[in-house]
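The values are calculated or read from the model by the stated rules, or taken from the named source; none is laboratory data. What you see is a predicted model; the values in this text were computed from it and never measured. Counting neighbours? That spans all protein chains shown, and the Cβs are built from the backbone with ideal geometry, glycine included. Note: areas computed on protein heavy atoms with side chains; ligands, DNA, RNA excluded. Shrake-Rupley method; radii C 1.70, N 1.55, O 1.52, S 1.80 Å.
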Amino acid sequence: PHRRIPDELAELCMRALALESEDRLADAGAVAAGLQAFMEGLRRREEALRRLADGEALWSRYGELRERLAALDLQLTALAAEVQPWTPIEEKQDLLAAREERDALDIERAGCFGQLVTVAERALSHDPENPEVRAFLARAWWSRFEEAEARRDPAEQALYAGWVRE
């Protein structure tokens, strides 16, 4: 146990060494096939984790965009408080520019989220039960759930809660 042998490999070895012939692997070919399957699974897990690293980079970018949007929302609130509806358009330029920047950032953030979900799903295509990738996706969808909760949007909360459970 202290050597951290993967469970699949330990199980294969124990089947090869079983005392009862009906519990033991038939021959060296069966052991080789088991080892080949283990190595293929290892390669699939490694590829999934490599792709997950790309997803983590996107997650970091997504977080940066969320922070920038939050700061911009505060700025927009302050600018909107200073401008009256009847204020001439020339005097609303800062507010309008901030709104345009917010819209562009929101689109970039949505695209970034879509990319990170795609990367994670591709990782799962290599290793469908990978716990790290599944945890990553759950964390991503949970963040969207929290955003919907803050907006008090029950329909989106239900949608994102379903993705978290998945």
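Descriptive notes on the structure:
- Max-minus-min Cα coordinates of the chain on each principal axis give 90, 27, 27 Å, with the largest extent listed first.
- Counting 0.36 nm for each residue step from E147 to R102 and taking away their Cα separation leaves a gain of 14.6 nm.
- Span-rule helices in the chain, defined as complete DSSP H runs reaching 27 Å or more along the axis (Cα) with Kyte mean at least -1.0: 28-82, 93-126, 131-151
- Per residue, the solvent-accessible area of the chain (1.4 Å probe, heavy atoms of protein chains only, all protein chains present) comes to 68 Å².
- In a fully extended conformation the segment linking F38 and R122 would gain 28.2 nm over its present Cα-Cα distance, using 0.36 nm per residue.
- Percent carbon-and-sulfur accessible area, region 21-166, ignoring ligands, DNA and RNA, probe 1.4 Å: 55 percent
- Structural size metrics of region 68-139, computed from C-alpha coordinates, are Rg and Dmax of 19.4, 59 Å.
- In a fully extended conformation the segment linking V31 and M14 would gain 5.0 nm over its present Cα-Cα distance, using 0.36 nm per residue.
- Candidates L42, L19, L116, ranked by Gaussian network fluctuation over the chain, Cα under 10 Å, top entry: L19
- Proximal charge balance of E67 [Cβ under 12 Å; K/R count +1, D/E count -1]: +2
- Gaussian network model of the chain, springs between alpha carbon atoms under 10 Å - residue of E11, E46, E22 with greatest fluctuation: E22
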